[in-house]
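S.K.: Structure in C-alpha cells, see below.
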Amino acid sequence: MYGNPLKIGVVDSGISSTFLRSTSVKVNAGAFFSLDLQKKTLNSLFYDSSDISSWREGVATLGIDDKSGHGTAVTSIMYRNIPVPVEFYIAKILDDQQSGSALCLLAALHWLISDVKADCVNLSLGTDNWRVRPQMLELVGQAGLSGCRIFSAAGDVPTLPSELAGVTAVGISRLSRNNDAGVKLDCIALPSTVEIFQGNGWTTSEISTSYACPLVLSEYCAAMSR
C-alpha cells in the first residue's frame, strides 16, 4: 500500500546513539523541546538528516540523546515489528527521570503533525494537565484532517491525549480488568512480553502500556500494508 516510507513520530525521551549504530534504523529528523521555568520560555532545537548522520558517526552530539532508555526501547519495538519501510522523527520532551512538560508535548505534536506531516505518532506517555485540553483537541483535529493516526498509552487514571476522541488509547489486559478509574481504552496488547533494545542490545521485557502502544501501532501499520 505504501509507496514511500511511513513517517512515524515518536514523542518520548529521545533515542540512543548506540541503537543508531547497532541497527539500520532510519531517523530522518529530530527535535528537542524543553521548558525554562525561570525565564518561562519554551526552547526548541531541530536536527535534520545530516545532523543525525554526523551523530551516528560519532562526530557530533545532539539534544535528542536518550539518557533513560525509554524512548529507545519504544522506537525499537516499532523498528522490529513494522514490516514496511519507516522513517522515524524523534521528538524528545522527557528528561533523564522521564519527566516533562505538557507545553513541550503540545509543541512536539505540532511539529510532527504540521511540519513533518507524520503518518502515525506514538505517545507512550500522557499528561494530567487538563488546562491544555483545548490546544490538545485542536491538534488532534488537525491530525485527523491530515490523515495522521495518534496512538497514546492509557494510564491508571485518565490522561491526555488518550482520553480524546480521535486518539487510539492503548492498554494492557491488567488495565482492562481493573479499570476502576474509567480510563478510555480502544485497544489492548495481548502479548505478555516484547523484544526491546536496551543498553547495548536486544532483550525480552514484560509488556507495559508504554510498550503496548508501539506494538499496537506496529500491528496497525502491518494491517494497512496488507
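Any read-out appearing in this document is the output of simple, stated calculations on the displayed coordinates, not a laboratory observation. Bear in mind the structure is a predicted one, so any value in this text is a computation, not a measurement. Quick reminder, even Gly has a Cβ in these numbers, built from the backbone with ideal geometry, and neighbours come from all protein chains shown.
S.K.: Considering only Cα-Cα distances, which of the following residue pairs are longer than 29 Å: LYS39/LYS67; LYS7/LYS67; LYS7/LYS184; LYS39/LYS184; LYS26/LYS67?
M.R.: Details: LYS39/LYS67 25 Å; LYS7/LYS67 24 Å; LYS7/LYS184 26 Å; LYS39/LYS184 36 Å; LYS26/LYS67 20 Å.
With Cα atoms farther than 29 Å apart: LYS39/LYS184.
S.K.: Figure the gain on full extension for SER22 and ARG226 (residue separation times 0.36 nm, minus the Cα-Cα span) and round it to one decimal in nm.
M.R.: That works out to 70.6 nm of additional length.
S.K.: Among ASN200, TYR220, LEU125, whose Cα projects farthest towards the positive end of the dipole of segment 122-226, with charges put on the beta-carbon of Lys, Arg (+1) and Asp, Glu (-1)?
M.R.: Value: TYR220.
S.K.: Next question. What is segment 118-226's relative contact order, in percent, from Cα pairs under 8 angstrom and six or more apart in sequence? Present the calculation step by step, with values, prior to reporting the outcome.
M.R.: Details: 186 pairs, mean separation 27.9, N = 109.
Computed over segment 118-226, the figure is 26 percent.
S.K.: Just from its helices, what would the mean residue ellipticity at 222 nm be for the chain, if runs of 4 or more DSSP H residues each count -39500 (n - 2.57) and the sum is divided by every residue, rounded to the nearest 500 deg cm²/dmol?
M.R.: Computed mean residue ellipticity for the chain: -9500 deg cm²/dmol.
S.K.: By per-residue mean of other Cβ atoms within 10 Å, what is the highest-first order of 6-12, 37-43, 187-193?
M.R.: Packing order, densest peptide first, comes out as 6-12, 187-193, 37-43.
S.K.: Could you order peptides 216-222, 198-204 by the average number of other Cβ atoms within 10 Å of their residues, highest first? Intermediate values should be presented prior to the final figure.
M.R.: Details: 216-222: 19.7, 198-204: 11.9.
The peptides rank, most packed first, as 216-222, 198-204.
S.K.: What residues from segment 151-180 fall in the zone where the backbone N is under 15 Å from a label point 7 Å along the Cα-to-C-beta line of GLU206?
M.R.: Flagged as within label range: 172-175.
S.K.: With no solvent and one equal point scatterer placed on each C-alpha of segment 1-55, evaluate the Debye formula and give log10 I(q)/I(0) for q = 0.21, 0.26 Å⁻¹, two decimals.
M.R.: After summing over all Cα pairs, the log10 values are -0.92, -1.16.
S.K.: Under the 0.36 nm per residue contour assumption, what length would be gained going from the current alpha-carbon distance of GLN142 and SER176 to full extension? List each step's numbers first, then the result.
M.R.: Values: separation 34, 0.36 × 34 = 12.24 nm, distance 2.92 nm.
Between GLN142 and SER176, full extension yields an extra 9.3 nm.
S.K.: Semi-axes of the equivalent ellipsoid for segment 35-85, please: Cα gyration tensor eigenvalues, times 5, square-rooted, ordered largest first, whole Å.
M.R.: Three semi-axes, in Å: 26, 17, 11.
S.K.: With 10 Å bins from zero, work out the P(r) of the chain over every alpha carbon pair and list the percent per bin.
M.R.: 8, 35, 39, 16, 1, 0
S.K.: Working from the alpha-carbon coordinates of segment 64-133, get Rg over Rh, Rh being the Kirkwood radius. Can you show the working numbers first?
M.R.: Working: Rg = 12.8 Å, Rh = 13.3 Å.
Ratio value, two decimals: 0.96.
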